[in-house]
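Trainee: Attaching a single structure in structure tokens format; questions to follow.
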Amino acid sequence: MDFIDDRIERYAFNYTEDEGPLLTQLKQETHEKLELPVMLTGRLEGRLLKLLVQLLQAKRVLEIGTFSGYSALSMAEGLPDDGELFTCDIDPPAIEMAKKYFHRSEHGKKITLLEGEALKSIEKVEAPLDMVFIDADKANYLNYYEAVLPKVRSGGLIVVDNVLWSGRVLDPQDESDHAIHNFNRSVHADDRVEGVLLTVRDGVFCLRKK
């Protein structure tokens, strides 16, 4: 994600609320033990997700793509004590780390981790949902979007990560490049939602269901 000026990124990081010691430790262990640690949400986006949960006064959230659990814990922090967060992943090492940190967190009791193929896991989660965060395999972004949209309440939010794809959406070359670009075009033209594409980290699309 070297398409964003490092000085500006650091400035924004420094003026964003700290994530606390547990998430800091999770971030460090993710970089030490898991492949592709760049997939970790991190402070800027994690605090944004928490804030969106709070602003929505959300009680039921679905996440597609748990990775090591940073984003799930960030959103769970914004939920009330009786809130629920369902998160799904298919990668055993990432799931193992996420479970460990869910157990250590006071907010872990709000989280249900669904293991296996995401589209099948989505079927298990009942409507209505207040918010959905999509951050998984890019080729399936439109499939995930179409699967969750009927479950999201009117006024609810779908948040989609990596929609700038390190700037490669400007000149798509490979399958993932085209998948992200096609996703952005499709949801922009979808009159069931209204959206804004934010230049936070690798791009965050916020889509409000009408």
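Trainee: Please find, among 30, 87, 41, 66, the residue that is of a type in the set (S, T, N, Q) and modelled with pLDDT under 95.
Mentor: 41
Trainee: Let me ask something additional. Just checking, which of 102, 86 is over 15 Å from the mean Cα position of the chain (by Cα) and among the hydrophobic types (A, V, I, L, M, F, W, C)?
Mentor: 102
Trainee: Does residue 113 qualify as being assigned to a strand (DSSP E or B), surrounded by fewer than 20 Cβ atoms within 10 Å (Cβ to Cβ) and of a type in the set (A, V, I, L, M)?
Mentor: yes
Trainee: Okay, next question. All but one of (1) assigned to a helix (DSSP H, G or I); (2) buried (at least 21 other Cβ atoms within 10 Å of the Cβ) hold for residue 66; state the number of the condition that does not hold.
Mentor: In the conditions (1) assigned to a helix (DSSP H, G or I); (2) buried (at least 21 other Cβ atoms within 10 Å of the Cβ), residue 66 misses (1) alone.
Trainee: Take residue 3 and decide whether it is among the aromatic types (Phe, Trp, Tyr), under 30 Å from residue 127 (Cα atoms) and touching a residue at least 60 places away in the same chain (Cβ under 8 Å). Steps first, answer last, please.
Mentor: Working: among the aromatic types (Phe, Trp, Tyr): yes; under 30 Å from residue 127 (Cα atoms): no; touching a residue at least 60 places away in the same chain (Cβ under 8 Å): yes.
It is false that residue 3 is among the aromatic types (Phe, Trp, Tyr), under 30 Å from residue 127 (Cα atoms) and touching a residue at least 60 places away in the same chain (Cβ under 8 Å).
Trainee: Could you tell me how many of the residues in the range 148-167 are at pLDDT 95 or above and either surrounded by fewer than 20 Cβ atoms within 10 Å (Cβ to Cβ) or in a loop (DSSP other than H, G, I, E, B) (or both)?
Mentor: 9
Trainee: OK, next. Name the one entry in 101, 145 that is in a helix (DSSP H, G or I) and closer than 26 Å to residue 208 by Cβ. Show your work before the answer.
Mentor: Numbers: 101 fails: closer than 26 Å to residue 208 by Cβ.
Criteria check complete, one pass: 145.
Trainee: If you check every pair at least six apart or on different chains, which have Cβ atoms under 7 Å apart with a residue in the range 61-89 that is free of Cβ contacts under 8 Å to residues at least 12 places away in the same chain first and a residue that is among the small types (Gly, Ala, Ser) second?
Mentor: Listed by first residue and then by second, the contacts come to nothing, as the list is empty.
Trainee: Another question, then. Give the residue, chosen from 6, 2, that is modelled with pLDDT under 90 and either closer than 19 Å to residue 102 by Cα or out of contact with any helix residue (DSSP H, G or I) (no Cβ under 9 Å at 6 or more places or on another chain) (or both). Write out each step before concluding.
Mentor: Values: 2 fails: either closer than 19 Å to residue 102 by Cα or out of contact with any helix residue (DSSP H, G or I) (no Cβ under 9 Å at 6 or more places or on another chain) (or both).
When all the criteria are applied, what remains is 6.
Trainee: If we only count helices (runs of 4 or more DSSP H) wholly inside the range 1-62, which ones have 2 or more residues that are β-branched (Val, Ile, Thr)? First the steps, then the outcome.
Mentor: Details: elements: 6-14, 21-33, 42-56.
Qualifying helices (runs of 4 or more DSSP H): 21-33.
The values are calculated or read from the model by the stated rules, or taken from the named source; none is laboratory data. Since the model is a prediction, treat every value here as computed from it, not as a measurement. Virtual Cβ from ideal backbone geometry, glycine too; neighbours counted across all protein chains shown.
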